1. Please enumerate the residues belonging to the range 26-45 that are of a type in the set (D, E, K, R) and under 15 Å from Thr5 (Cβ atoms).
2. So which pairs qualify, if the first residue must be in the range 1-13 and more than 13 Å from Ala36 (Cβ to Cβ), the second must be among the small types (Gly, Ala, Ser), the Cβ gap must be under 8 Å, and the two must be at least 6 apart or on different chains?
3. Out of (1) in contact (Cβ under 8 Å) with a residue 40 or more places away in the chain; (2) open to solvent by less than 80 Å² (accessible area, probe 1.4 Å), what's the single condition that is false for Arg49?
4. Here is a list of conditions, (1) of a type outside the set (Gly, Ala, Ser); (2) in contact with a His (Cβ under 9 Å, 6 or more places away or on another chain); (3) modelled with pLDDT of 95 or more, and Cys17 meets all of them except one; can you say which number that is?
Amino acid sequence: MTRKTADCRKYPSETNCTLTLTGEEDEVVRAASEHAASVHGHEDGPELREQVRGMLEDADEKVSA
């Protein structure tokens, strides 16, 4: 499964947030949505989670065992 990334640096915010999340798609959607709600004041729900899902990018697969 391809790992996904959500990177706050790619979106303007009042806090100039630098958080980057990487993991399996459902993990990143959940964590990024919770972050968007708790830090950026968005309302967490199905609409936000679909927006987040649409913004995810494939992660760089440079993980070594």
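1. Asp26, Glu27, Arg30
2. Between residues of the range 1-13 that are more than 13 Å from Ala36 (Cβ to Cβ) and residues that are among the small types (Gly, Ala, Ser), the close pairs are Thr2/Ala59; Arg3/Gly23; Arg3/Ala59; Lys4/Gly23; Lys4/Ala59; Thr5/Ala59.
3. (1)
4. Cys17 satisfies all of (1) of a type outside the set (Gly, Ala, Ser); (2) in contact with a His (Cβ under 9 Å, 6 or more places away or on another chain); (3) modelled with pLDDT of 95 or more except (3).
The values are calculated or read from the model by the stated rules, or taken from the named source; none is laboratory data. Computed from a prediction, not measured in an experiment: that's the story for all the values here. With ideal geometry, Cβ positions are generated from the backbone for all residues, glycine too; neighbour counts draw on all protein chains shown. Only protein heavy atoms, including side chains, enter the accessible area calculation; ligands, DNA and RNA are left aside. Shrake-Rupley method; radii C 1.70, N 1.55, O 1.52, S 1.80 Å.
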